[in-house]
1. Which residue pairs have Cβ atoms under 9 Å apart, sit 6 or more places apart or on different chains, and have a first residue in the stretch 123-137 that is under 11 Å from Phe194 (Cα atoms) and a second that is surrounded by fewer than 14 Cβ atoms within 10 Å (Cβ to Cβ)?
2. Can you report the number of residues in the stretch 148-184 which are of a type outside the set (A, V, I, L, M, F, W, C) and within 16 Å of the ligand (Cβ to nearest atom)?
3. Given the conditions (1) more than 16 Å from the ligand (Cβ to nearest atom); (2) exposed (fewer than 14 other Cβ atoms within 10 Å of the Cβ); (3) in contact (Cβ under 8 Å) with a residue 40 or more places away in the chain, which single one is not true for Ala23?
4. Please determine whether any residue of the stretch 42-56 is within 13 Å of the ligand (Cβ to nearest atom) and either surrounded by 12 or more Cβ atoms within 10 Å (Cβ to Cβ) or modelled with pLDDT under 95 (or both).
5. When the stretch 59-85 is examined, which residues are found to be without any contact (Cβ under 8 Å) to a residue 12 or more places away in the chain and either part of a loop (DSSP other than H, G, I, E, B) or within 16 Å of the ligand (Cβ to nearest atom) (or both)?
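The values are calculated or read from the model by the stated rules, or taken from the named source; none is laboratory data. This is a predicted model, so every value here is computed, not measured. Here the Cβ is made from the backbone with ideal geometry for all residues, glycine too, and neighbour counts use every protein chain on show.
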Amino acid sequence: MTYTLYKPKEQLKPQGLTNISDAQINDHWNLYVGYVNNTNQLNTDLQSLIAQKASPLLIADRRRRYGFEYNGMILHEYYFENLTSAAPQNPTNNLAQALQATWGSIDAWKEDFCNTGKSRGIGWAILYGDPLTKNLTNHFIMDHENGPITHFKPLLVMDVWEHAYMVDHNAGGRANYIQAFLENVSWQTVEQRFANL
Ligand SMILES: [Fe+2]
């Protein structure tokens with residue numbers, strides 16, 4: 001078994017955001033790099049354990065980590081990619097029409113997405129698209145691995161683990177952080193993801 005090693009996608013790192021400081025992003029970025037390293041380590045560990053014919057229980061326990069480490073890496077890449085310092089305030093074009101058709105208005109979608117992000121627990125708020133029906137739905141994903149829908153495409157990904165806002169907004173600041181997040185959405189990126197659905 002051989003694996004291509006994953007590397008942090010430096011080109012995705014946002015800087016100069018509104019109400020999300022570079023210090024916050026830098027701190028968060030270091031955690032993302034940890035997921036990249038751990039994903040590589042997990043593949044290496046499993047390769048080694050299987051070659052050693054280690055205990056099936058030990059191998060199974062390691063294998064259970066795939067969802068956490070892989071989604072931890074990939075969801076952060078979606079997250080950083082959909083942030084920009086030159087953000088328009090609202091989506092346009094086909095995505096705007098689809099959000100309006102689903103929720104009635106952009107503001108109604110935003111309210112539902114904010115409430116999704118305020119769900120109790122650590123995780124992610126994700127606007128998903130269903131490639132089959134083109135349906136749009138807001139989801140809350142616990143940790144990184146509890147709730148992603150196989151073959152649905154993440155269109156907008158918002159990290160609501162406390163580490164995503166502790167530097168700027170303290171532990172009780174999730175609502176303020178969510179408002180700040182929405183001021184920095186790269187709708188161009190989200191619209192491209194929707195076009196590729
Ligand atoms: Fe995070």
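1. Qualifying pairs under 9 Å: Tyr128/Asn135; Tyr128/Ile149; Gly129/Asn135; Asp130/Ile149; Asp130/His151; Pro131/His151; Leu136/Ala101.
2. Number satisfying all stated conditions: 12.
3. Result: Ala23 passes all but (1).
4. Looking for residues that are within 13 Å of the ligand (Cβ to nearest atom) and either surrounded by 12 or more Cβ atoms within 10 Å (Cβ to Cβ) or modelled with pLDDT under 95 (or both), one finds none in the stretch 42-56, hence no.
5. Arg64, Ile74
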